[in-house]
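Everything on this sheet refers to the single structure shown next.
The values are calculated or read from the model by the stated rules, or taken from the named source; none is laboratory data. Being a predicted model, the structure only gives us computed values, none of them experimental. Quick reminder, even Gly has a Cβ in these numbers, built from the backbone with ideal geometry, and neighbours come from all protein chains shown. These area figures cover heavy atoms from the full protein model, side chains too; ligands, DNA and RNA do not enter into them. Shrake-Rupley method; radii C 1.70, N 1.55, O 1.52, S 1.80 Å.
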Amino acid sequence: MFFAQLHPLLVHFPVGLLVSGVVFEFYGSLQKEESAKEAGRFNIRFGTCWALLTAGIGLLALWGLELKDEARQFVGYHLMLASSTMIIFGIAIGVTRWFRSQPWCRVLYLGLILVGLAGVLSTGYFGGELVHRFGVATLHPAE
């Protein structure tokens with residue numbers, strides 16, 4: 001139960017980093033502010049690293065949980081979206097690392113992080129439903 005209670009506490013940090021990173025990247029691109037783009041890149045890289053750590057803790061949490069049938073589908077969606085989101089941000093980071101000099105790189109990167117943002121928000125929705133609707137990882141589970 002320890003990991004199940006730890007995961008919801010830690011997950012807000014990478015979510016904040018990834019969301020703010022995407023915002024900074026788009027703001028920096030629109031306003032042509034290199035410092036904002038650099039802050040965005042940093043937040044996205046740091047947020048992706050923290051997301052991997054938080055996902056590992058979330059997987060450890062699954063071993064100790066007894067889930068009702070209706071919550072299992074939400075766990076599946078949460079896992080699928082979280083995995084996809086981390087892969088998308090990982091690809092975005094790789095694209096900027098390996099293809100930085102290509103003219104299409106920036107457009108592809110911005111598209112990927114925008115899709116990643118949608119993944120973060122969707123993952124958070126299903127995670128929130130698990131906690132608030134089904135009482136997963138709380139001291140007082142929902143009936």
Count - residues of the range 55-112 that are surrounded by 17 or more Cβ atoms within 10 Å (Cβ to Cβ) and not in a helix (DSSP H, G or I):
0
From the residues in the range 116-143 that are open to solvent by 80 Å² or more (accessible area, probe 1.4 Å) and modelled with pLDDT of 90 or more, which one is nearest to residue 4 (Cα to Cα)?
125
I want to confirm something. Restricting to the range 15-54 and keeping residues that are acidic (Asp, Glu) and more than 18 Å from the chain's Cα centre (by Cα), which single residue is least open to solvent (accessible area, probe 1.4 Å)?
33
So the check is Cβ under 6 Å with 6+ separation or different chains; which pairs have a first residue in the range 102-122 that's within 17 Å of residue 24 (Cβ to Cβ) and a second one that's among the hydroxyl-bearing types (Ser, Thr, Tyr)?
109/96; 116/85; 120/85
I'd like to verify a number: residues in the range 42-55 that are out of contact with any helix residue (DSSP H, G or I) (no Cβ under 7 Å at 6 or more places or on another chain) and not aromatic (Phe, Trp, Tyr), how many?
2
Which residues, taken from the range 1-34, are modelled with pLDDT of 90 or more and hydrophobic (A, V, I, L, M, F, W, C)?
10, 11, 13, 15, 17, 18, 19, 22, 23, 24, 26, 30
